[in-house]
Structures are given as C-alpha cells and as structure tokens.
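Structure first, then comments.
Only the coordinates and a few stated rules stand behind these numbers; no lab work does. It should be emphasised that the depicted structure is a prediction, and the values quoted were computed from it without experimental measurement.
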Amino acid sequence: MTRFDPTSSTALVTGASRGFGRAIASALHAEGANVVAVARSREPLASLQHELGARFTVEAADVTDPVAAGTLLEQYRPHTLVLNAGAAPLMRPIQHHTWETFSRNWDVDVRQVFHWVREALLLPLEPGSTVITISSGAALAGSPLSGGYAGAKATTRFITSYAADESERAGLGIRFISVLPKLTPATELGARAVAPYAGRTGRDVGEYLADIGPALTPDDVGKATIELLASPEHTSGAYLLTPAGLSPVG
Ligand SMILES: NC(=O)c1ccc[n+]([C@@H]2O[C@H](COP(=O)([O-])OP(=O)(O)OC[C@H]3O[C@@H](n4cnc5c(N)ncnc54)[C@H](OP(=O)(O)O)[C@@H]3O)[C@@H](O)[C@H]2O)c1
C-alpha cells in the first residue's frame with residue numbers, strides 16, 4: 001500500500017461547503033493536497049476557495065447524480081475520495097414519518113455512496129488510493145427520532161465493507177474506510193438533531209449536551225481524516241470517531 005503523499009495527490013471531498021466536509025477539505029488542503037470540493041451550492045464553496053487560494057477547485061454538483069459521480073471521478077482520478085455529503089433528516093418519532101420523509105437519507109446518503117463507490121471500483125482508482133465514507137455513530141446505536149437515518153448510515157458502512165472486499169479480491173489496492181462520528185451540535189445537521197433528543201428526555205439542550213459529554217468538532221473530523229490517510233495500519237474497515245479519537249469497530 002502506497003503511503004499518503006499529500007504533495008502529489010488530489011483529494012475529492014463531497015459536502016465540502018460546510019460542517020465536517022469543509023473541515024476535511026481544509027485539513028487536506030493544509031497538508032498540501034490538491035482539493036476538489038463538491039456540494040450543490042456554489043457560493044459557500046467559492047468563499048472557501050477564496051479563503052484557501054491555490055490548489056482548491058470547486059464543483060457544484062448533486063452527489064446523488066450518477067453522471068456527476070462518473071464524470072468527476074474520471075476527470076480528477078482522486079487519490080483520496082471522501083464521501084461526506086449527507087441530508088439532514090426530519091426529526092420526529094417514527095409514526096410521524098411518511099415513507100418519503102423516512103427514506104430521505106436512503107435517497108441521498110446511500111445513493112451517493114452506492115454510485116461513487118461503484119465508479120471508484122470500476123474506474124478503478126489508482127492502487128494506494130483511499131475511499132472514506134462518513135457514516136455515523138447512529139449506525140451502531142440507532143436514532144429513534146430521525147426516521148431511516150441510522151439504517152441508511154449502517155448501509156453505507158456495509159457498502160464500504162463490500163467494496164473493500166471487492167478491492168481485495170481484484171487486487172486493486174484501494175482502501176475503503178467508514179468513519180462513524182459521534183453526534184455533535186457543531187454542524188447544521190447535528191444542531192438540528194440535538195434539541196429534539198433533549199426535549200424527548202425532558203432536558204434542555206445544555207443539560208443534554210452535558211450528559212452526552214465532550215462534543216466532536218469539525219476540526220477533529222479533519223484531523224482524523226489525515227490520521228487515517230497517513231497511517232497504513234488503519235486498514236480497510238470501520239472506525240468510531242469521538243473527541244477521544246478513532247477506534248476500530250468490530
Ligand atoms: N453532525 C453530526 O453530528 C454528525 C454525526 C455523525 C455523522 N454525520 C455525518 O457527517 C456528514 C456531514 O454532516 P455535517 O454535520 O457536516 O452536515 P451539514 O453541515 O449539514 O453539511 C452537509 C454537506 O453536505 C452537502 N450536501 C447535502 N446534500 C447534498 C447533495 N445531494 N449533493 C451534494 N452535496 C450535498 C451540503 O451542501 P449543499 O447543501 O450545498 O449541497 C453540505 O456541504 C453527513 O454524512 C452526516 O450524516 C454528522
């Protein structure tokens with residue numbers, strides 16, 4: 001397995017306009033990578049490009065579009081692919097979901113990982129490349145107020161592990177890693193989830209956050225991404241991410 005060499009590599013990050021993705025793209029850029037940042041809204045991507053300067057390319061695209069997946073991977077052939085984009089689920093108890101609201105994260109998060117992982121295997125990416133998919137701690141614990149979110153994130157983890165197996169069987173030399181971050185109020189998506197969970201247990205947001213312990217920051221996610229890329233001992237597999245760091249999930 002080739003070591004991560006940021007100075008000679010291109011990294012493509014989805015959902016790079018805010019939250020974890022913005023921090024991951026910034027961390028990769030700080031390491032010297034040529035970064036391709038993907039999200040639907042061009043303006044926040046352009047503002048990050050303005051902040052970071054050279055070696056930062058913006059692509060406004062919907063990651064659920066298989067044509068975007070095929071076109072962008074063929075064009076950039078990234079050495080690092082971080083599939084981070086995800087939809088904010090509608091927060092309400094199961095009986096208040098319709099099938100359409102329940103399945104939102106299947107339509108966005110699972111569809112994205114399915115299309116992009118498939119293209120990464122078929123292209124294929126160069127030996128020594130790494131594909132990181134951002135799943136969620138909810139994939140282990142469930143998330144009773146967010147409809148199909150936890151199941152969708154468990155499925156992205158499964159797809160990632162199936163791809164790792166296919167890479168191994170075909171001798172492609174591509175690492176496939178899932179990261180399962182702990183819930184944090186530090187992003188738009190996480191902040192929207194915290195209040196309903198606090199309310200459900202009769203606590204205010206401050207009490208709820210104190211109970212769940214230290215919050216993961218987007219910078220923690222950026223640093224963990226660099227750690228995974230830089231260390232070959234982090235083989236294909238799944239890693240829980242908390243403020244204490246990465247730990248393998250069996
Ligand atoms: N925050 C948490 O507590 C937490 C915990 C565990 C896992 N996660 C996971 O971490 C990932 C990032 O979450 P976050 O908290 O950083 O969320 P966020 O702040 O809401 O950011 C989501 C990003 O995804 C992009 N995006 C959404 N749908 C897209 C689409 N169809 N095509 C292209 N880009 C799309 C958004 O940009 P546009 O809207 O401009 O497209 C944005 O850049 C998600 O997969 C989430 O499920 C979050």
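With Kirkwood's inverse mean 1/r over C-alpha pairs for Rh, give me the Rg to Rh ratio of the chain, two decimals please.
On the Cα set of the chain, Rg over Rh gives 0.96.
Write down the percent of antiparallel bridges among all DSSP beta bridges whose residues are both part of the chain, to the nearest 5.
Percentage antiparallel, nearest 5: 15.
Per the Cauchy relation, a quarter of the hull surface: what is the mean projected area of the convex hull of the alpha carbons in the range 208-250, in nm²? It would help to have the intermediate numbers written out before the result.
Numbers: hull surface 14.2 nm².
Across all orientations, the range 208-250 yields a mean hull projection of 3.5 nm².
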Original post:
Where in the chain are the helices, taken as whole DSSP H runs, whose Cα atoms extend 20 angstrom or more along the long axis and whose Kyte-Doolittle mean reaches at least -1.0?
Top reply: 149-170
**OP:** Report the dimensions of the range 95-189 along its three principal axes from the alpha-carbon atoms, largest first, rounded to Å.
**Re:** 46, 26, 21
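For the chain, what's the relative contact order in percent, using C-alpha pairs closer than 8 Å and at least 6 residues apart?
Numbers: 511 pairs, mean separation 50.1, N = 250.
Normalised by residue count, the contact order of the chain is 20 percent.
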**OP:** In a Gaussian network model over the chain where Cα atoms closer than 10 Å are linked, find which of Ala198, Ala164, Ala60 has the largest mean-square fluctuation.
**Re:** Ala198
Original post:
Assuming a viscosity of 1.306 mPa s and a temperature of 10 °C, what translational diffusion coefficient in µm² per second does Stokes-Einstein assign to the range 1-136, Rh being the Kirkwood radius over Cα pairs?
Top reply: 103
Original post:
Thinking of the range 53-108 as a set of Cα atoms, what percent of all their pairs are more than 12 Å apart?
Top reply: 75
Original post:
Quick one: what Rg and Dmax do you get for the range 170-249 from the alpha carbons, in Å?
Top reply: 15.6, 53
